[in-house]
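Bear in mind these aren't lab numbers, they're just calculated from the coordinates by the rules spelled out. Please read all numbers here as calculations on a predicted model, not as lab measurements. Cβ sites come from the backbone with ideal geometry, for glycine too, and all protein chains shown count toward neighbours.
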Amino acid sequence: MRFKTKILITLLAIVAFDAIASFLSRAFHVDYTNFIWLSFLLYIAIGFWGAHRKGFVYGMVLGTFAGLVDSTLGWFVSRMVGPFLLTDIPKLEPLIIGIVIIVVTASAFALGFLGALLCKLLGRTKTADAFQIVGRERRERAS
């Protein structure tokens, strides 16, 4: 599977997860923040999947991308659905939004790294460094 396809599937999966989790939390009055553990597991799984047969770096990149999507589009979708929360949401100012994006993306990077590491330890990935990635992308564009 091409990496671009994995990026698109990751985007759709994260946004769908946020929408479904928000809806379920509202429908069953379960605090939305309880779903954070599933988000963490998703980041690990996406890191593993990104590295699978591609390379370690791909897993880290895909995990980080998942966090970025979750903290931007996923957050927007969740706010539109209106999840059930036990605590009030503070006024969203640009500084708070920026901090959330940085923290969630950094957390996803670490968990994506863990997923890619698991993939590497299980022998399901190959070593890739930045030069291999750039060279491979150029060869794919040329063909």
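Karplus-based coupling profile of the range 33-38, in residue order and whole Hz: 5, 5, 7, 4, 5, 5, with θ = phi - 60° in 6.51 cos²θ - 1.76 cosθ + 1.60 and x standing for Gly or Pro. Each residue of the range 96-104 was assigned a 3J(HN,Hα) from its phi angle through the Karplus expression (A = 6.51, B = -1.76, C = 1.60, θ = phi - 60°), giving 5, 4, x, 5, 4, 4, 5, 5, 5 Hz with x at Gly and Pro. Any chance you could count the Lys pairs in the range 3-142 whose alpha carbons are under 19 Å apart, treating pairs 8 or more apart or on different chains as valid? Qualifying lysine pairs in the range 3-142: 7.
About the Cα centre of the range 3-142, how large is the charge dipole given +1 on each Lys and Arg Cβ and -1 on each Asp and Glu Cβ? Please answer in debye to the nearest 20.
Once rounded to the nearest 20, the dipole reads 780 debye.
Identify the residues of the range 58-77 with backbone N under 19 Å of a label point that sits 7 angstrom from the Cα of ILE36 along the Cα-to-Cβ direction, or state none. From the range 58-77, the list is 64, 66-77.
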